[in-house]
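Read the figures in this text as sums done on the coordinates, not as results from a lab. Note that the coordinates shown come from a computational prediction; the quantities given were computed from them, not determined experimentally. Cβ placement follows ideal geometry from the backbone for every residue including glycine, while neighbour counts extend to all protein chains displayed.
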Amino acid sequence: MRSKKAPKNLLSPDPIFGSRLLTRFINKVMEDGKKSIAQKLVYQALEEIKEQSKEEPLVVFEKAINNVAPKMEVRPRRVGGASYQVPVEVRGDRKEALAIRWILAGARSKSNSQYHSFAKKLAAELMDAANNAGIAIKKKEDVQKAAAANRAFSHFRW
């Protein structure tokens with residue numbers, strides 16, 4: 001066990017929009033340490049959003065993250081040899097991390113026939129999430145349903 005709590009690593013805001021949340025998103029998009037490519041893809045997606053929705057892209061991005069962030073999730077808890085799915089409230093940083101993960105998974109799973117580049121897939125998924133539609137919103141609803149279905153085990157919370 002740790003003797004002290006590990007200090008939080010504060011990320012520097014991204015160079016164009018000045019948002020720490022966008023920096024976290026870019027870091028999740030990044031593969032094999034190629035941050036410049038990840039930045040290029042995310043900024044292209046934000047440009048695509050600006051062209052299509054005529055709204056401020058950072059506002060659409062933050063709205064999408066807020067819409068996808070779950071309020072409740074289930075965590076396994078062992079009680080007397082049996083494992084129960086116990087619903088728990090999702091805290092701040094984990095909420096954002098799950099939202100980012102689900103949006104990226106939704107964008108990566110989109111078919112190639114309709115969208116040619118990852119930036120367009122990402123822009124489409126972000127706009128869908130901002131409008132409460134899309135793959136990431138479906139994932140959020142599934143997690144919320146599982147938490148609601150297992151409310152009977154909430155007294156096992158630790």
Out of all the residues in segment 139-158, which are in contact (Cβ under 8 Å) with a residue 24 or more places away in the chain, in a helix (DSSP H, G or I), surrounded by fewer than 16 Cβ atoms within 10 Å (Cβ to Cβ) and among the basic types (K, R)? R151
Scan K35, K54, K50 and give me the residue that is at positive phi and surrounded by fewer than 16 Cβ atoms within 10 Å (Cβ to Cβ). K54
By residue number, the members of segment 72-119 that are closer than 15 Å to I135 by Cβ, exposed (fewer than 12 other Cβ atoms within 10 Å of the Cβ) and under 16 Å from the mean Cα position of the chain (by Cα) are S109
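Would you point out which residue out of F25, F17 is in contact (Cβ under 8 Å) with a residue 24 or more places away in the chain, of a type outside the set (A, V, I, L, M) and in a loop (DSSP other than H, G, I, E, B)? Please lay out each step first, then the result.
Working: F25 fails: in a loop (DSSP other than H, G, I, E, B).
F17 is the lone residue from the list that is in contact (Cβ under 8 Å) with a residue 24 or more places away in the chain, of a type outside the set (A, V, I, L, M) and in a loop (DSSP other than H, G, I, E, B).
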Single condition E51 does not satisfy, out of (1) assigned to a helix (DSSP H, G or I); (2) touching a residue at least 24 places away in the same chain (Cβ under 8 Å): (2)
Would you pick out the residues in segment 79-96 that are among the aliphatic types (A, V, I, L, M) and free of Cβ contacts under 8 Å to residues at least 40 places away in the same chain? A82, V90
